[in-house]
1. Pairs, please: C-beta under 7 Å, at least 6 apart or cross-chain, first residue closer than 17 Å to residue 118 by Cα and in segment 12-40, second assigned to a loop (DSSP other than H, G, I, E, B)?
2. Of all residues in segment 18-39, count the ones that are open to solvent by 90 Å² or more (accessible area, probe 1.4 Å) and over 17 Å from the mean Cα position of the chain (by Cα).
3. Mind counting the residues in segment 1-21 that are of a type in the set (Gly, Ala, Ser) and either at pLDDT below 90 or more than 18 Å from residue 136 (Cα to Cα) (or both)?
4. Take the residues in segment 86-136 that are more than 27 Å from residue 61 (Cα to Cα) and either touching a Ser or Thr at 6+ places or on another chain (Cβ under 7 Å) or open to solvent by less than 50 Å² (accessible area, probe 1.4 Å) (or both); name whichever of them is modelled with the highest pLDDT.
5. Considering 4, 50, which residue is open to solvent by less than 50 Å² (accessible area, probe 1.4 Å), over 16 Å from the mean Cα position of the chain (by Cα) and of a type in the set (Asp, Glu)?
6. Considering only segment 99-158, state which residues are among the small types (Gly, Ala, Ser) and in a helix (DSSP H, G or I).
7. Select from segment 23-51 the residues that are within 14 Å of residue 136 (Cβ to Cβ) and touching a Lys or Arg at 6+ places or on another chain (Cβ under 9 Å) and write down the one among them that is modelled with the highest pLDDT.
8. Does any residue in segment 126-141 that is under 21 Å from residue 21 (Cα atoms) come within less than 7 Å, Cβ to Cβ, of a residue that is small (Gly, Ala, Ser) six or more places away or on a different chain, and which pairs are these?
Amino acid sequence: MHDDMIRRIEPLIPALRRYARALCGDRAQADDLVQDCLERAISRWHQRRDDGNTRTWMFTILHNIAVNYWRQNRYRGPHIALDDTVETAFAHDGTQENSLHYQDVMGAIATLPDDQRSILLLVSIEDLSYAETAKVLDIPLGTVMSRLSRGRERLRQILDGDRRNNGDRQSTPNLRRVK
């Protein structure tokens, strides 16, 4: 049983980390979420259905832990230890176009409502089917499709608005008439 558990869970860890990182935006927080997910899965391995999909089960656990974390942070606010921060943690390399695009996309995704963001990440990043996503989030299939559609449309609007605003700033100089 122990070997079976390791064989099923270990290949899922990179995908769980990607999903957690995309949800949180912070590597340390994502690692904590994945660790909590793995601890919960291992301690409750006996509760798993033998005929169930381990991948879906693991993503469900991770998602539920993340939702609980968001709820807690809504009341507590973010915790930042001053001793753990360094000046370079706030610096961003502005010369890398891919890095900027990535930041724009992740920033736009972060502004989406939680329900749309979760579905967008599970379907687009983690390549779960609509049915698997519905099972992970415990919502109807039609809800997955409508939230995904609204999330993609909102993401497109945000990104198009950013491009339009950046283009306007570059093409229209700030001139003023002095008499």
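1. Correct list of pairs: 15/126; 18/126; 19/126.
2. 1
3. Summing the residues that are of a type in the set (Gly, Ala, Ser) and either at pLDDT below 90 or more than 18 Å from residue 136 (Cα to Cα) (or both) in segment 1-21 gives 0.
4. Step by step, filter segment 86-136, then rank; the result is 99.
5. None of the other options fit; the residue is 4.
6. Within segment 99-158, 99, 107, 108, 110, 118, 124, 131, 134, 142, 146, 149, 151 qualify.
7. 41
8. Note: pairs meeting the criteria are 126/15; 137/118.
The values are calculated or read from the model by the stated rules, or taken from the named source; none is laboratory data. For clarity, every value in this text was computed on a predicted model and none was experimentally measured. No Cβ is skipped: glycine too gets one built from the backbone with ideal geometry, and neighbour counts run over all protein chains shown. The area values use the complete protein model at the heavy-atom level, side chains included, leaving out ligands, DNA and RNA. Shrake-Rupley method; radii C 1.70, N 1.55, O 1.52, S 1.80 Å.
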